[in-house]
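The values are calculated or read from the model by the stated rules, or taken from the named source; none is laboratory data. None of the values given here were measured: they were computed from a predicted structure. Because the Cβ atoms are built from the backbone with ideal geometry, glycine has one as well, and the counts that use them run over all protein chains shown. Please note that ligands, DNA and RNA were not included when accessible areas were found on the heavy atoms of the full protein model with its side chains. Shrake-Rupley method; radii C 1.70, N 1.55, O 1.52, S 1.80 Å.
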Amino acid sequence: MTPTPLPPEPSAEAIEAFWRGPSALPSHQAHWLLVGAGGSARDMLEAVLAPLGGTLHHAPDLATSHDVLQLQAVDVVLLALGPENLTWLRQPLPPLPQRPAVVALTTRGNHEAVRSLLEHGAHDVVHTDDAPALLRARVHACLERQRLQREQSQTLNQLRQEREALAVQRERGDYLLANILPQSVIGRLGDAQRLVADTHASVSVLFADLVNFTAWANSQTAETTVRMLNAVYTAFDEATQDAAVEKIKTIGDAYMAVAGLDAPGPDHAVRCVQLGLRLQHALQQLTAQHQWPLKLRVGIHSGPVVAGVIGKHKFAYDVWGDTVNTASRIESAGQPGMVLVSASTAQLCDARIALTPQAPLTLKGLGAVQTFEARLAPGADASMG
């Protein structure tokens, strides 16, 4: 059998092309730092790097090389310090992505030196007695790897910044949702197909209405009117939050809140009455300060309600039922400056609330309804905050 002849030895250009790979990019913008090479070795390395373009910087020793790195961003460092190569690698380098790739130069056969250099951070170790084309290709491959690492670092940094920005937006979105919806409802909105609807067997519903608002607002500018409403409702919101009562909405000059949605328990009536008294107190302070001719009616009724989220683009959390209608009608029939509660609310109040029976009210669709004026019992003023 005639043996198959061996293929011809590849040319230097073929070896260089192999090491560069098909996606190698031009390196004319690269900055090289040659450390320690002198004489013929320096001339040889300059000739090897010349076809790659870029800017070549020289540093005769370890100290000078680190001075150069402080002043100039370098892509690849070529170490030709001999035994001091390891000393150079142990010095601190700039952090990523500014940190350069390091190619250590050594003579062929020094396997222990190669191992030590790679263990101490050299990206590659090349032999100075290799063919120039091979040497050039190895250095160029190291440059390409450095470029890819920097691009990866920049991409990761950009992703981290975007993730942080998304976290800020998420936090802001959660804050806005918390100002619109009860906490127990927010976690249930993730499923767009899920209907948020709940039945609550016993809650207390509060309505508060500004008396004389329409007549006063007709004589004011829009800016003055909105500024007044903002001041009043901001004070009401703070009182509502302090009382652990859920604000539902404002309707013009009316304010609606419900106790017992998130924290069901027998004290929801007391908390709702305490809130009504705090709203009266807050408005009295504001009217005394700004000379607004306003008073407040407050009506409260306790009973079952249905609650849920409605809408898609401008969704809202709301409550419905006879309890809501009754509370609204009690408020409308009440006297300014008074907190008027139904008999069902009165039955749920404890010794912290003083109740004074009022003449029965005739309410549309309900007939005669027994109501009570609610005040804080003696010694219970501390609950006003």
Hey, does region 322-331 have a residue that's within 18 Å of residue 251 (Cβ to Cβ), open to solvent by less than 40 Å² (accessible area, probe 1.4 Å), touching a Pro at 6+ places or on another chain (Cβ under 8 Å) and free of Cβ contacts under 8 Å to residues at least 24 places away in the same chain? no
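Taking residue 318 as the residue in question, decide whether it is acidic (Asp, Glu), surrounded by fewer than 22 Cβ atoms within 10 Å (Cβ to Cβ) and part of a loop (DSSP other than H, G, I, E, B). Working first, answer last.
Values: acidic (Asp, Glu): yes; surrounded by fewer than 22 Cβ atoms within 10 Å (Cβ to Cβ): yes; part of a loop (DSSP other than H, G, I, E, B): no.
So residue 318 does not fit the description; no.
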Pull up region 232-253, narrow it to residues that are at pLDDT below 95 and aliphatic (A, V, I, L, M), then point me to the one that is surrounded by the most Cβ atoms within 10 Å (Cβ to Cβ). 245
Are there any pairs, at least 6 apart or on different chains, whose C-beta atoms fall under 6 Å, with the first in region 34-53 and closer than 16 Å to residue 131 by Cα and the second open to solvent by less than 50 Å² (accessible area, probe 1.4 Å) and part of a helix (DSSP H, G or I), and if so, which? 48/135; 48/136; 52/140
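Filtering region 339-363 down to residues that are under 25 Å from residue 253 (Cβ atoms) and either polar (S, T, N, Q) or at pLDDT 95 or above (or both), which residue is surrounded by the most Cβ atoms within 10 Å (Cβ to Cβ)? Show your work before the answer.
First pass over region 339-363, keeping only residues under 25 Å from residue 253 (Cβ atoms): 339-342, 345, 358, 361-363.
Then drop every residue that is not either polar (S, T, N, Q) or at pLDDT 95 or above (or both), which leaves 339-342, 345, 358, 362.
Details: 339: 29, 340: 23, 341: 32, 342: 27, 345: 29, 358: 17, 362: 10.
Out of the qualifying residues, it is 341.
Which residue out of 117, 56 is of a type outside the set (D, E, K, R) and more than 18 Å from residue 31 (Cα to Cα)?
Working: 56 fails: more than 18 Å from residue 31 (Cα to Cα).
The conditions single out 117.
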Tabulated pairs, region 222-238, first among the polar types (S, T, N, Q), second modelled with pLDDT under 95, C-beta under 7 angstrom, 6+ apart or interchain: 225/217
Counting just the residues of region 172-197 that are surrounded by 10 or more Cβ atoms within 10 Å (Cβ to Cβ) and of a type in the set (D, E, K, R), which one comes out farthest from residue 262 (Cα to Cα)? 172
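Taking residue 295, is it of a type in the set (Lys, Arg), under 33 Å from the mean Cα position of the chain (by Cα) and either open to solvent by 20 Å² or more (accessible area, probe 1.4 Å) or under 26 Å from residue 357 (Cβ atoms) (or both)? Give the steps one after another, and end with the answer.
Details: of a type in the set (Lys, Arg): yes; under 33 Å from the mean Cα position of the chain (by Cα): no; either open to solvent by 20 Å² or more (accessible area, probe 1.4 Å) or under 26 Å from residue 357 (Cβ atoms) (or both): yes.
Judged against the criteria, residue 295 is not a match.
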Any residue in region 269-298 that is under 11 Å from residue 337 (Cβ atoms) sitting within a Cβ distance under 6 Å of a residue that is charged (D, E, K, R)? List the pairs, counting only those 6 or more apart or interchain. 297/209; 297/331
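Do we find that residue 145 is open to solvent by 90 Å² or more (accessible area, probe 1.4 Å), at pLDDT 80 or above and either on the phi > 0 side of the Ramachandran plot or in a helix (DSSP H, G or I) (or both) in this structure? Spell out how you get there, then give the answer.
Numbers: open to solvent by 90 Å² or more (accessible area, probe 1.4 Å): yes; at pLDDT 80 or above: yes; either on the phi > 0 side of the Ramachandran plot or in a helix (DSSP H, G or I) (or both): yes.
Considered against the rule, which asks whether it is open to solvent by 90 Å² or more (accessible area, probe 1.4 Å), at pLDDT 80 or above and either on the phi > 0 side of the Ramachandran plot or in a helix (DSSP H, G or I) (or both), residue 145 comes out as yes.
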